[in-house]
Every structure is written in C-alpha cells, then in structure tokens.
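Shown next, in structure tokens, is the structure this report addresses.
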Amino acid sequence: MNQQTVKNPETPFAETPQLNDRDILNDALSTEKYLCSSYETAMHEASHDALYQLIFAQLRDTSKQQRSFYDLLFTHGWYVLTPTTSQEIQQAVQQYQGYKQQLQ
C-alpha cells in the first residue's frame, strides 16, 4: 500500500472542545455529500419532468457547494489524499471484473 500523501501545509486551528473552522468545514462537507446523494435519489424517482429538472438544478448547485467545501479543506491542509499505485488500480479492476463475471 502506498503511504505517500498529497496535501497542502496545514493551517493551524484551535484545538478546543468548541467547534473550530476545520470541524465546521468537515461537517458542512459531510452534509453536502449527504444532500447530493439524497437529491440524486429523489431526481431518479421524480415522476414529473418539471420536478426532475428542479431537483437536478438543486443537485447541481449542491454539488458545486460541496466542491467548494472540499477545496477549502484541501487548501488549508485539512483534507489529505493518498495516491494509488498502478498496481492497486489494476487489482481493483481485476476484482470488479471478477464480480461482473459472477453476475453474468
């Protein structure tokens, strides 16, 4: 497993029992992810095209806001990414190809 990480220098934050900027942004990001998932489900189950379009617009706006929160967290070094090696990607592809074959 690759142990390298991709991150920016971490912006200091107050480590107190009260919510700090990092906590608030993490909570907002989680909320936006949940809303995107919920809007997507509602959109696919909408029985009327006008309702579908309205929910789709909300999903698009919510997705943009979710990305903004992600960008802020990443910029401040509070969201860390772990790169994946080509070997790990190939293993995942093989695993899911096996699942696909089982379903056929």
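Every number here is computed from the coordinates shown, using simple stated rules; none is lab data. This structure is a prediction, so every number in the text was calculated from the model and none was measured. Ideal geometry is used to build each Cβ from the backbone, glycine not excepted, and the neighbour counts take in all protein chains shown.
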Under 27 Å Cα-Cα from K7, which lysines qualify once same-chain neighbours fewer than 8 residues away are excluded? K33, K64
Summed over the other residues with a beta carbon less than 14 angstrom from that of M43, with K and R at +1 and D and E at -1, the charge totals -3
So what's the gap between the Cα centers of segment 75-93 and segment 1-62, to the nearest angstrom? 19 Å
Using a Gaussian network model on the chain with a 10 Å cutoff between Cα atoms, which of L19, L29, L72 fluctuates the most? L19
